[in-house]
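Structure, as structure tokens:
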Amino acid sequence: MKKTLSIIGYIWAVLCLLLIPITFMGNNAFASMLAKLPFMKVNPIYSGGEVDRTVNHAGFKTTINKPVFEALIGESSKGFVQVKWTGDKMLPPIINDTIDYDNNGIRDFIIHIDTHTGKTELTPLDSHVLSLNISSKVKDSWLARINLLNPAK
Amino acid sequence: MKTTSLYSTSGKLWKSIALTLPMFLLTFVFITGGKPDFSSSSAIFSFVVTFIFFNTLFFLMLYTGKTDRFRAIGFIAMALFFALVFIVNLVKMRGSMSFSNENLLSCEIPFCHIVTTMIIIPIVLTKSIIFPGSILTGFASIASMLVIVIGISLALGRGFCSWGCFYGGWDDGTSRILRRPVIKNVNPNWRWFSFAFLLIIALSAAITLTPTYCSWFCPFKTVTEYEKITNFDTLMKTIVFVSLFLSLVIILPVLTRKRIQCGTFCPMGALMSFTNKINPFEVTIDKEKCNDCKKCIRTCPTFSMVEPGLSKGRPEITCMKCGKCIDECSQNAISYHIRGTPSGKAFTAARTLFLYPAFTLLVVFAGGNIQYGIVLLIRFFSTGSFM
């Protein structure tokens, strides 16, 4: 029994010896496999949530994501909706847009962004729209997150 | 009276050289990343220096029988060069060490191994990762870093903290500045604080769905990247992480000669302690050889050697396998051991089997950074700029 344990111990140690080079040399392959697991996605609080729809305008398009009300369990009473504006060639100097974030046919807020200065004004039209969370240039687009109350809570 | 070394390679030149030869290949592969770049004289010079540096360290470990003495040189160099290379790359890419809202919203923040402690509960309950990084693309992607954390945990357990962590070299280095501690007799029970802190961090991250340690407590933001100061909140965060760096990584390690950040505060270290139970390498104490001088207790930088441990014949679960106690024990009573194998035998085999993966890990993380760091230093001294 002692000899068997000893042999197992040495085999285990040799496997560990191989494990370090294998971990790094095969990192891309292992990481690709790991990335396919269902939990390997960035939480919507950070990713901004799934895209709900895109609205085309003259010279730019608006991408509206699904509202995010993330909580550890269930839904939070507060969240946000992420909206992104992408220019056909370049961002317009002024973005003035009216958003119906829940796609119920009723306008929820008006947003006015000066893309040169970053100054952003939000006019809520619905009681569930709270305030501006963040407004920032992201690569060739402009992105804003608007704080919301969860209508389901 | 000094006894002869436990290890059969000690003082044996040819045996030590023969055992270093496989490391030649491993260092070549991992320093160059399999794609040697000899396009400039500085690239060739930095490669040669790095290659000689690591193989000399490994040879000296085998030849002298001392582990920690040479491990520490590579480990501290890794921390310093990692910070240099990381900061220079950030400044090149972003123009500063701080990250902006754009970086956060684009999910471009590199995933550090310490974040692992905060994503476990949310993964279970929300089936998602609470970190603004990329799953698979870009530098230090989430999937890539998780593979590394799992691989190292299985191979070395908490040995990672003394052989692979690119932050650990900071307080390992500062804890060696003074020859004698100014603050003596630090209560070793402080090591349990890191477990309490792990619990606090894991729960607070789960409740707020925010990587709270990264947001508020990580001292190493001082030498890597941090949130741009744009308001009172970010100013407070900056004051906290700089204060933690100065106290836990600089001042207290200097005064106590202990790795205070790693041994009492780091939540990742606490988590990695559990992985000590699922890998074959451990440190054992031969109670018959031990003369109870307690030098190992005084020497251990992480409070892992305590009196109950001496009587049990092994250090605490928090042992980082740095080898400092083994180097210091004049009775040769402490040694690396492979689980399942008989105690008090085959010391050289156990140590050599541990040193190969542990040192390879050091080379993997440190090699590229030291090599590129040397190129940056050459550039700096010849042009006055790192860019």
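The values are calculated or read from the model by the stated rules, or taken from the named source; none is laboratory data. Not measured: the values here are computed from a predicted model. FYI the Cβ positions are ideal-geometry reconstructions off the backbone, even for glycines, and counts take in every protein chain you see.
Could you look through segment A:101-134, keep only residues that are within 14 Å of another protein chain (Cβ to nearest Cβ) and free of Cβ contacts under 8 Å to residues at least 24 places away in the same chain, and pick out the one that is surrounded by the most Cβ atoms within 10 Å (Cβ to Cβ)? Result: A:Leu132. Can you tell me which residues in segment A:33-48 are exposed (fewer than 14 other Cβ atoms within 10 Å of the Cβ) and either part of a helix (DSSP H, G or I) or touching a His at 6+ places or on another chain (Cβ under 6 Å) (or both)? A:Met33, the sole residue that qualifies.
Under 30 Å from B:Leu361 (Cβ atoms), within 14 Å of chain B (Cβ to nearest Cβ) and in a loop (DSSP other than H, G, I, E, B) - does that describe any residue in segment A:49-63? No, every residue in segment A:49-63 fails to be under 30 Å from B:Leu361 (Cβ atoms), within 14 Å of chain B (Cβ to nearest Cβ) and in a loop (DSSP other than H, G, I, E, B). When A:Leu149, A:Leu72, A:Leu130, A:Leu125 are checked against the criterion of being over 14 Å from the mean Cα position of the chain (by Cα), within 24 Å of B:Lys127 (Cβ to Cβ), at pLDDT 90 or above and not polar (S, T, N, Q), a single residue qualifies: A:Leu72.
For the residues B:Leu26, B:Leu19, B:Leu6, the requirement of being surrounded by 11 or more Cβ atoms within 10 Å (Cβ to Cβ), among the hydrophobic types (A, V, I, L, M, F, W, C) and in contact with a strand residue (DSSP E or B) (Cβ under 8 Å, 6 or more places away or on another chain) singles out B:Leu6. Taking the criterion of being within 7 Å of another protein chain (Cβ to nearest Cβ) and in contact with a Gly (Cβ under 9 Å, 6 or more places away or on another chain), the residues of segment B:339-367 that qualify are B:Arg339, B:Gly340, B:Thr341, B:Pro357, B:Leu361, B:Val364.
Picking from residues in segment B:115-148 that are touching a Leu at 6+ places or on another chain (Cβ under 9 Å) and more than 7 Å from chain A (Cβ to nearest Cβ), the one that is farthest from B:Thr275 (Cα to Cα) is B:Ile142.
Among the residues of segment B:308-317, is there at least one that is hydrophobic (A, V, I, L, M, F, W, C), crowded, with 17+ Cβ neighbours inside 10 Å and not assigned by TED's automatic domain parsing to the domain that holds B:Ala79? Scanning segment B:308-317, I find at least one residue that is hydrophobic (A, V, I, L, M, F, W, C), crowded, with 17+ Cβ neighbours inside 10 Å and not assigned by TED's automatic domain parsing to the domain that holds B:Ala79, so the answer is yes. Filtered by the rule that a residue be within 30 Å of B:Ile150 (Cβ to Cβ) and in a loop (DSSP other than H, G, I, E, B), segment B:229-262 gives B:Lys258, B:Arg259. Sort out which residues of segment A:82-100 are within 14 Å of chain B (Cβ to nearest Cβ) and closer than 17 Å to A:Asn147 by Cα, and write them in order of number. Hits for segment A:82-100 are A:Gln82, A:Val83, A:Lys84.
Listed here are the residues, each with its yes/no results for (1) without any contact (Cβ under 8 Å) to a residue 60 or more places away in the chain; (2) hydroxyl-bearing (Ser, Thr, Tyr); (3) in a loop (DSSP other than H, G, I, E, B).
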| site | (1), (2), (3) |
| --- | --- |
| B:Thr264 | no, yes, no |
| B:Lys277 | no, no, no |
| B:Val283 | yes, no, no |
| B:Cys290 | yes, no, yes |
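The C-beta contact set for segment A:1-12 (first residue facing chain B (nearest Cβ under 7 Å) and β-branched (Val, Ile, Thr), second residue buried (at least 17 other Cβ atoms within 10 Å of the Cβ) and part of a loop (DSSP other than H, G, I, E, B), distance under 8 angstrom, 6+ apart or interchain) comprises A:Ile8/B:Gly340.
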